[in-house]
Amino acid sequence: MSEKQGEPRPNRRRDVPSGLWMRCSGCSKMIYRNLVVERGNVCPECSFHFPISSDERIRLLCDPETFDEQFKELAPADPLQFEARRTYRERLDETQKKTGLLDACLVGLAEIGEVPVVFGVSDSRFLMGSMGSVVGEKIARGIEMAREQNRPFIFVSGSGGGARMDEGMFSLMQMAKTSAAIQRLHEAGGLFVSILTNPTMGGAMASFAALGDVIIAEPKALIGFAGPNVIKQTINAELPSGFQSSEFNLEHGFIDQVVDRQQMRSTLIRILAYFCQEA
Amino acid sequence: MENESRAHGLDFEAPIVELENRISELRSFSESSEIDLSGQLEELEKKCEEKKKAIYTHLNPWQRVQIARHPQRPLTSDYIKGFVSDFLELHGDGAYRDDPAIVTGLGRIRGRKVMIVGHRKGRTNPEKVACNFGMPHPEGYRKAMKKMRLAEKFNIPIISFINTAGAFPGIEAEERGQAFVVAKNLQGMASLRVPVIAIVIGEGGSGGAIGIGVADRILMLENSYYSVISPEGCAAILWKDASHAPRAAEILKLTSSDLSRFGIVDEVITEPVGGAHREHREMLQRVEETILRHLDEITDIDPDLRKEQRFRKYMDIGRFADQQEQTLEDRG
């Protein structure tokens, strides 16, 4: 559950750079920036899915102006007084300033295709989207809210870090907490649609993100338990190409669909309509 | 076994091991030569006890990690042999393969029915290899959950012994859905209405540990550790060098006293002075008694209430600040 192990493929992560033209991290071709943005930050040449912010994800999936953020007062503490090269506190302050986020996920009430849902999304710009106390708490509360208000729960995961190291065992325990909340939603007959983006690894993947009634991944996302580097070092061998990709997970029977970013909203609407309408 | 224990002495234990060696030499000399050396022996033993106390009351986190991994430390199989009567191992996950890295089975502790689930590390080298050094594959977690569901059906309390460096990071483990089975166990254990007690007896390695660790009571042996990442893995990330593991062990706050202070662990089971590996019998007895005491406390609770309390217990874990929308004016 390291912070580094989930290096997304095919290249190191890069936000969409500014300028009229840009080079794709996937196919290395020069592509027209406006076209990329128009397509939800997907390369028009190779369909490489660039990482996008939580705000962009909300715009892409939720009905316009319907997202009503909840639990936004929750901010990270530093329960371990974690200090390595730099303190966790310093890293938090810096990341908060840079991203305008308090922590690595947003949860709120929203509508998707006019179906009221609880919608959550992790933001990989914030310490690789890793799950500490705040992320775990927001997700667990969001799931409880979905149960209480009889709404489906939709969560878009993206975390190379998994459980956040800087909060030690508090982070590991969020795995059990979010999974227990999912169990309660399940017993109440609630729907959970889990959407996986590049990368979803470690403690996030080995808890709530794996427990969707329907699990959908964006193409070519890195999805798994142990990071590829950890596996490589453990078994001292090269990994097969496409290992731990969305397509690999589809082939091995762990996810229901691989869906392009541009079709994600319409797919979600179909699923919600199917499960949430009587006829 | 005592001799073996000395052969495996840890660096910081060297003064103890040296005294133990002298005592054993003196004793065998005394016996073979029929010379009474009881005076000297007594003095040496006293000195050895003092040394143990001096060293073992001031252990740093890294030393505790080393003790948690000590080759002579009692394993799940030792606890089963020690106080689980009529143990009947139940193999297999019903889907793919029997994973030797996790042992499951029926038994009784002082007459009371229990379902045992635990990581299996193995003692001898062939055993260790067969058990993959206690690092389970997905089928191991699936097997554990299958037996826990059986326990649920027949209202049998579950005792889970945690002792793993982690779930195995390998190609096949990923192909068979390591993340997905761990998640299913976390969810599955939250659904149980029977009492569940989890005891970290040695290594509590991250997702591989919590994968059989969702419980009404979480207990830890004094010199065990429970961590979100191994000290070596943490050091490799922070300092690009696994040899900084001792520093990582320090900052991860992975000891039983840290986790007790955080309210994550319900009780720390004190080890005999000199560590569990020196006094198996005493350690086994303490663990048995602690299990029984906790079973007594939770057995009579209404099953639905117990499940609800377990849920609340986990919902309450986490430390964060409650900032009433002050910091960020720039979020639109």
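The values are calculated or read from the model by the stated rules, or taken from the named source; none is laboratory data. Everything numeric in this text was worked out from a predicted model, so none of it was measured. Note that we place each Cβ from the backbone using ideal geometry, even for glycine, and neighbour counts take in every protein chain shown.
Given A:THR197, A:THR234, which one is buried (at least 17 other Cβ atoms within 10 Å of the Cβ), assigned by TED's automatic domain parsing to the domain that holds A:GLY162 and either part of a helix (DSSP H, G or I) or touching a strand residue (DSSP E or B) at 6+ places or on another chain (Cβ under 9 Å) (or both)?
On the way: A:THR234 fails: buried (at least 17 other Cβ atoms within 10 Å of the Cβ).
The unique qualifying residue is A:THR197.
Beta carbons closer than 7 Å, at least 6 apart along the sequence or on distinct chains, pair a first residue in region A:34-58 that is more than 14 Å from every other protein chain (Cβ to nearest Cβ) with a second that is of a type in the set (D, E, K, R) and not in a loop (DSSP other than H, G, I, E, B) for A:GLY40/A:ARG261; A:VAL42/A:ARG261; A:HIS49/A:ARG261.
When we screen B:SER224, B:SER260 for residues that are crowded, with 23+ Cβ neighbours inside 10 Å and either away from chain A (no Cβ under 11 Å) or among the polar types (S, T, N, Q) (or both), the only hit is B:SER224. The selection criterion, being crowded, with 24+ Cβ neighbours inside 10 Å, β-branched (Val, Ile, Thr) and in a loop (DSSP other than H, G, I, E, B), holds for B:ILE212. The listed residues are B:GLN309, B:GLN324, and the only one of them that is at pLDDT below 95 and within 14 Å of chain A (Cβ to nearest Cβ) turns out to be B:GLN324. Beta carbons closer than 6 Å, at least 6 apart along the sequence or on distinct chains, pair a first residue in region B:136-161 that is more than 14 Å from B:LEU90 (Cα to Cα) with a second that is part of a loop (DSSP other than H, G, I, E, B) and of a type in the set (D, E, K, R) for B:PRO136/B:ASP99; B:HIS137/B:ASP99; B:PRO138/B:ARG176.
Hey, which of the strands (runs of 3 or more DSSP E) in region B:102-187, taking only ones fully inside, have at least 3 residues that are within 14 Å of chain A (Cβ to nearest Cβ)? By residue number, B:158-164. Find the residue count for region A:142-191, including only residues that are more than 7 Å from chain B (Cβ to nearest Cβ), touching a residue at least 60 places away in the same chain (Cβ under 8 Å) and not in a loop (DSSP other than H, G, I, E, B). Going through region A:142-191 one residue at a time, the tally reaches 9. Here the condition is being charged (D, E, K, R) and more than 16 Å from the chain's Cα centre (by Cα); of A:ASP93, A:ASP103, A:ASP123, it holds for A:ASP93 alone. Scanning region B:191-200 for residues that are within 11 Å of chain A (Cβ to nearest Cβ), buried (at least 24 other Cβ atoms within 10 Å of the Cβ) and hydroxyl-bearing (Ser, Thr, Tyr) turns up nothing.
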